[in-house]
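Enquirer: The structure under discussion is supplied below as structure tokens; questions concerning it will follow.
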């Protein structure tokens, strides 16, 4: 998980799909979500994404903005380190998650769900 500069809450690495992601996807033959996920994880943790399960997404429609959030399973290589706007990165055990102050609606449930179904994705 990551903690942004000056914040006291944890979140999953993430960001927005950018126009350049679609261009790069067309150039590389990758899915635009794959490109965006790879970019965000690299920017925030320095880890290289090597696989993304883009067929299964956790979705949430935002109520405050005209927006939709997606969560994907990804496999990355390397040790996480804080980069860009990130002050700290840390691996947590599942049982530690409920004790954390986390930003984002339903993150606790999303992480718990991911651990319950990870066997479906070769974990």
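Enquirer: Between 123, 79, 66, which is at negative phi, loosely packed, with under 14 Cβ neighbours inside 10 Å and at pLDDT 90 or above?
Expert: Details: 123 fails: at pLDDT 90 or above; 66 fails: at pLDDT 90 or above.
After applying the criteria, what remains is 79.
Enquirer: Pick from 15, 71: which is under 13 Å from the mean Cα position of the chain (by Cα), under 28 Å from residue 93 (Cβ atoms), crowded, with 17+ Cβ neighbours inside 10 Å and modelled with pLDDT under 90? Quick ask: steps written out before the conclusion?
Expert: Details: 15 fails: crowded, with 17+ Cβ neighbours inside 10 Å.
Only one candidate qualifies: 71.
Enquirer: Something else now. Say we look at region 82-94 and pick out the residues that are part of a loop (DSSP other than H, G, I, E, B) and out of contact with any helix residue (DSSP H, G or I) (no Cβ under 7 Å at 6 or more places or on another chain); which of these is surrounded by the fewest Cβ atoms within 10 Å (Cβ to Cβ)?
Expert: Per the stated criteria, the residue is 93.
Enquirer: While we're looking at this one, here's another question. Would you check which residues across region 35-50 are under 11 Å from the mean Cα position of the chain (by Cα) and over 15 Å from residue 85 (Cα atoms) and list them? Before you say what the answer is, go through the steps one by one.
Expert: Within region 35-50, the subset under 11 Å from the mean Cα position of the chain (by Cα) is 36-42, 44-45, 49.
If the condition is that a residue be under 11 Å from the mean Cα position of the chain (by Cα) and over 15 Å from residue 85 (Cα atoms), then 36, 37, 38, 49 are the ones that fit.
Enquirer: Report yes if some residue within region 106-120 is closer than 18 Å to residue 33 by Cβ and either surrounded by 14 or more Cβ atoms within 10 Å (Cβ to Cβ) or modelled with pLDDT under 75 (or both); otherwise report no.
Expert: Taking region 106-120 first, the residues closer than 18 Å to residue 33 by Cβ are 110, 114.
Okay, now just the ones that are also either surrounded by 14 or more Cβ atoms within 10 Å (Cβ to Cβ) or modelled with pLDDT under 75 (or both), so 110, 114.
Looking for residues that are closer than 18 Å to residue 33 by Cβ and either surrounded by 14 or more Cβ atoms within 10 Å (Cβ to Cβ) or modelled with pLDDT under 75 (or both), one finds at least one in region 106-120, hence yes.
Enquirer: What are the residues in region 43-62 that are modelled with pLDDT under 60 and loosely packed, with under 12 Cβ neighbours inside 10 Å, if any?
Expert: Within region 43-62, 59, 61, 62 meet the criteria.
Enquirer: Under 7 Å by Cβ, and 6 or more places apart or on different chains, what pairs join a residue from region 5-19 that is over 24 Å from residue 30 (Cβ atoms) with one that is exposed (fewer than 10 other Cβ atoms within 10 Å of the Cβ)?
Expert: 8/101; 9/101; 10/101
The values are calculated or read from the model by the stated rules, or taken from the named source; none is laboratory data. Everything quoted here is computed from the prediction, not taken from an experiment. So basically every Cβ, Gly included, is an ideal-geometry build from the backbone, and we count neighbours across all protein chains shown.
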